[in-house]
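Structure first, commentary second.
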Amino acid sequence: MNEHKVIDFHTHSSESDGILNPIALVSRAKACGVEVLALTDHDTVAGVAVAREQAHKEGIGFVTGIEFSSVWEGVNIHVIGLHIDIEHPALKNNIEIQGKARQERAQLIDQRLEKLGIKGALAGATSIAGGGIVARPHFAEFMLQQGHVTSIESAFKKYLGDGKAGDVKHLWPELTTIVKWIHEARGLAVLAHPNRYKMTNAKLRRLITAFKASGGDAMEVISGQQEQKVTSYLADLANFYELQASAGSDFHDPNSPWQSLGGFGKLPAHCRVVSY
Ligand code: AMP
Ligand code: MN
Ligand code: MN
Ligand code: MN
């Protein structure tokens, strides 16, 4: 086992809502001391081949990845697929299905924002996305540029976050479907940032039970900088449900220091770390 290595198994590039292109992301990861990196863009593997090649050039380890959007009991749940075969025909097909759902969702968000007096949001967000998938942060950036809000955070608070007009999740596949998609592509299904769903402990246990029953393999015990007591709690849950443990920064932007690449503590010694 190589458990002493510095890993980061949750990162984003400009192929989704990250700022850096895949090459710049890998270079930054290397500079930050990451020894094994996974690129896990939202619902796309468009940057993975380029990132893998760059990782080989720079001499760091690389794991293929994706962060799929799903829904479970009305909550938007993210599942990371690690070690997926990015050339697998089933994966390509499923990513196409997911892309259509995302596009349809973007149109709905656009219509809902228009009713609130915000015009041209889809065109604006698409332009900001620059050819990558269109995600809510692109809508937020558009609203900021147009002066509808004074910060990205307030765009989420007023328009895009939980329960707001631009929070459209009914188009995402069920959690179980996403686990199946990841397994079809020969990957490991990892429940992303379990602590960010603002669930009660009881509901989180139900989520993890459902994820495990679907065949889920692992969960993130560390997501970015978090308190030690959260890490201990999640490590205990992972062990109780016999899930492997993963760790990632959820890096999007060099200007967000709380998401620095590889910049989080070590997984507790009693965790069974996902292989790499
Ligand atoms: P989407 O995939 O279109 O649902 O967009 C989700 C992304 O929006 C997440 O991956 C985060 O990067 C970002 N996000 C979610 N909530 C917030 C928030 N409150 N403030 C800033 N960014 C957020
Ligand atoms: Mn994101
Ligand atoms: Mn996520
Ligand atoms: Mn993420």
What's the magnitude of the charge dipole for the stretch 27-126 around its Cα centre, counting Lys and Arg as +1 and Asp and Glu as -1 at the beta-carbon? Answer in Debye, nearest 20. 320
Hull volume per residue for the stretch 44-111, using the convex hull of the C-alpha atoms, in Å³ is 107
Long-range amide H partners of Ile66 with built H, under 5 Å: Gly81
Least to most buried among Met199, Met143 (fewest other Cβ within 10 Å first): Met199, Met143
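At a 10 Å Cβ-Cβ cut-off, how would you order Glu35, Glu227, fewest neighbours first?
On the way: Glu35 17, Glu227 9.
Ordered from fewest to most neighbouring Cβ atoms within 10 Å, Glu35, Glu227 come out as Glu227, Glu35.
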Estimate the FRET efficiency between Ser260 and Ile19 by the formula 1/(1 + (r/R0)^6), using the beta-carbon distance for r and 22 Å for R0, to the nearest 0.05. 0.95
Can you sort His183, His138, His4, His270 so the residue with the fewest Cβ neighbours within 10 Å comes first? His4, His270, His183, His138
Is the shape of the stretch 214-276 rounded, prolate or oblate, going by the alpha carbon gyration tensor and its root eigenvalues a ≥ b ≥ c, with a/c under 1.5 for rounded and a/b larger than b/c for prolate? prolate
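Output the direction-averaged projected area (hull surface divided by four) of the convex hull of the alpha-carbon atoms of the chain, in nm².
13.4
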Dipole-positive endmost among Val190, Ala135, Leu108 within the chain (Cβ charges, Cα centre): Leu108
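In debye, nearest 20: dipole of the chain around its Cα centre with unit charges on the Cβ of K, R (+) and D, E (-)? Intermediate results must be reported in sequence, preceding the final value.
Working: 28 positive and 30 negative charges, 119 e Å.
Computed charge dipole of the chain: roughly 580 debye.
Roughly how big is the stretch 132-247's charge dipole about its Cα centre, with Cβ charges of +1 (Lys, Arg) and -1 (Asp, Glu), in debye to the nearest 20? Spell out each step's value before the answer.
Numbers: 14 positive and 11 negative charges, 66 e Å.
Dipole size: approximately 320 debye.
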Debye calculation, C-alpha points only, no solvent: report log10 I(q)/I(0) for the stretch 31-72 at q = 0.20, 0.33 Å⁻¹, in the same order as the q values. -0.61, -1.13
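All of the numbers you see were taken from the coordinates with simple rules; none came from a lab. Small disclaimer: the values here were computed from a predicted structure and weren't measured. Because the Cβ atoms are built from the backbone with ideal geometry, glycine has one as well, and the counts that use them run over all protein chains shown.
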